[in-house]
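J.: This is the structure I have questions about; it appears just below.
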Amino acid sequence: MPDYDSLHKQSIDYPESFWGNVAEELLWFRPWDRVLEWKYPYARWFIGGQTNIVYNALDRHLKNNNADKLALIWASQDNQEKKYTYRQLNEEVSKFANGLKSIGIRKGDKVAIYLPRIPEQFIAMLGCLKIGAVHSVIYSGFSAEALKSRIEDVQAKALICSNAYPYGKKTVESFKNVKEALKDSKTVKDIIVVKRTETNIEDVDEASVDPKKNYRFHWWSDLVSKQDTVCSTAIMDANDIAFILYTSGSTGKPKGVIHSHGGYQVGIYYTLKVSFDIGSEDIFWSTADAGWITGHSYMLYSPLLNGITTFIYEGTPTYPDIEIWWKLIEKYKITKFYTAPTAIRSLMKFGEEPIKKYDLSSLKILGSVGEPINPEAWLWYQKNIGHSELPIIDTWWQTETGMFMINPLPYTKSKPGSAFKPFFGVDADVVDEKGVSLAPTKSMSSAPGASQRLLESSKNMGKQGFLVIKKPWPAMLLDVFNNPQRYKETYFEKIKIAKTKKQDSFSDFCYFTGDSAKIDEDGYFWIVGRNDDVIKVSGHRLGSAELESAFVANPKVAEAAVIGKPDEVKGESIKAFIILKQGVEPSDELKKELTLQVRMQIGPIATPDEIEFVEKLPKTRSGKIMRRILKAQELGQPIGDVSTLDD
Ligand code: WT7
């Protein structure tokens, strides 16, 4: 067991040589001139370097004897299976990339992808990057409204979608949302439709011949079958945009997080390799969806960058039955399994019997992501899925960070419920509002009597504060699309850093994560949760403001305030406080109407759990709703400082 702390210290003392060495494991069309440049508030990595994620994810493996190795295995809900070797995947990607070119998509153009979890989703993503187009994947569960606003914001020239898709017992007629979203779209010139089911074809056919339509129409299969299987991979600057992914923030509309080709690939390649001890025979299963960052970084790109096999299951954890995941692990001999605490907690309810029927001995490492994993779920996961001994890699990171930031390694000592320490090259800390570190010092714990004074559970635990990152890391977001102001305000202006004596080149770097955390005496990080108005429902990120505006869009609603409440399975649930317009009577009917309204505006993941009609909301004198007070009251906690409260 190497000494983690000293290796880590070295990596953050010399981040440029550390990440420069990692980057040399990948291929570059042109080497970089400088590893890192930091000019407030932007960090740029591998300046002057030229590469392409696809060059490393596909082309590289065709050169080094991996061509006939499986890159991707897809299992459908209805027992179909598709397998692609690196050579085959490259051919499919090339055909699609040529298809994009044939309709006029060029380097830098934006392409929206609104597909379910099918191979075409991944082929489309890789196809975009191959020619230097920028993809923006929009989660298939988002509503027409949510789809529309993202397409408009990103100015997508093309949209890739499906006619419909199976989802558990239901069939989702996703093309209906597409039609709605494209109604008077000025940006989308072409749509490419993948046929996933035999349903809802008429709808597509009708749209394809609609004389009023302002886009060209292509069935995926028609477009792709005509294309050549060879397509050269575009040479990209390290800091060219690879993709834009929308995520919720605490204010306003979701923001488009931008990731690069160069730094991003280096960060995600290495974090998976080390944290999941990747070897050439691994079959990695991330249960995420490409609609979220996990689906980008660790379902698709990093497994391929590492030359291993990624496994994708189309369905949900409980369809066709609650044993499906364990059945698939046995059948496909999954070696590394990565899922979310909310899924673990919901499967815990069914007990251990459904698991015992299957041979899970192929598993070597388990992972967790999306929200804090409670010790009970951690222990259950290790005991029942991890044959009581497998390491659990609890990975803390964000859409913005692109890569794992705080997580254990397979050989480090775990404390269930803690995400261990910052990864190599990541300089994380917990600070107060002035940027002063709250990490406990060793001397504090060795003070006489200190350990007796503290309770066992909080033994030598530092104070709770803001989780920040104090040096740039390679997969960090480049910017917020179309909104550099928001980028600066959200991540770099929340904490005014206390001037340190040590004037290194990063002294003004303090990335604000939006999470609260504590550090214990051993340097372990304990993530508490968000400290802003972002709510995490089943690991999905939703903004209070975004939910409130969905409520207020109903003409019967005057005002709305939304909070997250702790939930045993989902992590958090959504509660809304609603003030109705004068003369509108509260009723259960109206609650149903408002619930539907939110589902229509955002999607089923935003379904409110509780709606309460109220007369008044706590506000500041300047009229801002104090959600903190609503939350404290709801949870029976002390209300705290009310000096700014109006009434
Ligand atoms: C937020 C980011 C990272 C991919 C999926 C979510 C929470 C994420 C953990 C973890 C505690 C976690 C944080 C973070 N979070 N992973 N292992 N332990 N909290 O990405 O949608 O951008 O959400 O998820 O609150 O800020 P995201």
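J.: Exactly one condition in (1) within 11 Å of the ligand (Cβ to nearest atom); (2) modelled with pLDDT under 95; (3) not aromatic (Phe, Trp, Tyr) is false for Met403; which is it?
T.: (2)
J.: Can you pull out every residue in the range 289-307 that is within 11 Å of the ligand (Cβ to nearest atom) and not aliphatic (A, V, I, L, M)?
T.: Within the range 289-307, Asp289, Gly291, Trp292, Thr294, Gly295, His296, Ser297, Tyr298 qualify.
J.: Filter the range 345-370 down to residues that are within 14 Å of the ligand (Cβ to nearest atom) and either without any contact (Cβ under 8 Å) to a residue 40 or more places away in the chain or under 24 Å from Asn79 (Cβ atoms) (or both), then give me how many there are.
T.: 2
J.: Let me ask something else. How about the range 503-527: which of its residues are within 18 Å of the chain's Cα centre (by Cα) and over 20 Å from Tyr487 (Cβ atoms)?
T.: Ile527
J.: From (1) closer than 22 Å to Lys130 by Cα; (2) part of a loop (DSSP other than H, G, I, E, B); (3) touching a strand residue (DSSP E or B) at 6+ places or on another chain (Cβ under 9 Å), pick out the condition that doesn't hold for Gln227.
T.: The failed condition is (3).
J.: Just to be sure, is Ser418 of a type in the set (Ser, Thr, Tyr), away from the ligand (no atom under 12 Å from the Cβ) and assigned to a loop (DSSP other than H, G, I, E, B)?
T.: So Ser418 does not fit the description; no.
J.: Hey, another quick one. Which residues, taken from the range 337-361, are in contact with a helix residue (DSSP H, G or I) (Cβ under 7 Å, 6 or more places away or on another chain) and closer than 18 Å to Ile283 by Cβ?
T.: Scanning the range 337-361 gives Phe337, Tyr338, Tyr358, Asp359, Leu360.
J.: Mind listing whichever residues of the range 575-605 are among the β-branched types (Val, Ile, Thr) and under 28 Å from the mean Cα position of the chain (by Cα)?
T.: Thr595, Val598, Ile602, Ile605, listed by residue number.
J.: Return the residues of the range 545-578 that are aliphatic (A, V, I, L, M), out of contact with any Leu (no Cβ under 8 Å at 6 or more places or on another chain) and either free of Cβ contacts under 8 Å to residues at least 12 places away in the same chain or surrounded by fewer than 23 Cβ atoms within 10 Å (Cβ to Cβ) (or both); say none if nothing qualifies.
T.: Ala545, Val552, Ala553, Val569
J.: Shifting gears a bit: Only one of these conditions is not met by Thr310: (1) buried (at least 22 other Cβ atoms within 10 Å of the Cβ); (2) more than 28 Å from Ala146 (Cβ to Cβ); (3) more than 14 Å from the ligand (Cβ to nearest atom). Which number is it?
T.: So the condition that Thr310 fails would be (2).
J.: Checking the condition of a type in the set (A, V, I, L, M) and in contact with a Gly (Cβ under 8 Å, 6 or more places away or on another chain), which residue from Val537, Val562, Val528 passes?
T.: After applying the criteria, what remains is Val537.
J.: Going through Lys383, Lys434, Lys413 one at a time, which residue ends up being away from the ligand (no atom under 16 Å from the Cβ), closer than 22 Å to Ile344 by Cβ, of a type in the set (Lys, Arg) and not in a helix (DSSP H, G or I)?
T.: Answer to the selection: Lys413.
J.: Would you say Lys273 is under 25 Å from Glu546 (Cβ atoms) and among the charged types (D, E, K, R)?
T.: no
J.: Still on this structure, please answer the following. Tell me which of these Glu173 doesn't satisfy, since it passes every other one: (1) modelled with pLDDT under 95; (2) under 21 Å from Glu314 (Cβ atoms); (3) out of contact with any Lys or Arg (no Cβ under 9 Å at 6 or more places or on another chain).
T.: (1) is the only condition that Glu173 fails.
J.: Still on this structure, I have one more. What residue, of Ser232, Ser221, is without any contact (Cβ under 8 Å) to a residue 60 or more places away in the chain, assigned by TED's automatic domain parsing to the domain that holds Cys128, surrounded by fewer than 17 Cβ atoms within 10 Å (Cβ to Cβ) and not in a loop (DSSP other than H, G, I, E, B)?
T.: Ser221
J.: Tell me, which residue of the range 156-180 that is of a type in the set (Gly, Ala, Ser) and in contact (Cβ under 8 Å) with a residue 40 or more places away in the chain is farthest from Asp109 (Cα to Cα)?
T.: By that ranking, first place goes to Gly168.
J.: Considering (1) at pLDDT 95 or above; (2) in a helix (DSSP H, G or I), say which one Gln452 fails and leave the rest.
T.: Condition not satisfied by Gln452: (1).
J.: Taking Ile605, is it among the β-branched types (Val, Ile, Thr) and more than 16 Å from the ligand (Cβ to nearest atom)?
T.: no
J.: Next question. Checking the conditions here, which among Lys536, Lys575 is within 27 Å of Lys624 (Cα to Cα), touching an Asp or Glu at 6+ places or on another chain (Cβ under 7 Å) and within 13 Å of the ligand (Cβ to nearest atom)?
T.: Lys536
J.: Given the structure, is Ile151 within 18 Å of the chain's Cα centre (by Cα), closer than 20 Å to Val204 by Cβ and not polar (S, T, N, Q)?
T.: Criteria not met by Ile151.
The values are calculated or read from the model by the stated rules, or taken from the named source; none is laboratory data. In this text, all values refer to a predicted model and were calculated from it rather than measured experimentally. Please note: Cβ atoms are built from the backbone with ideal geometry, for glycine as well, and neighbour counts cover all protein chains shown.
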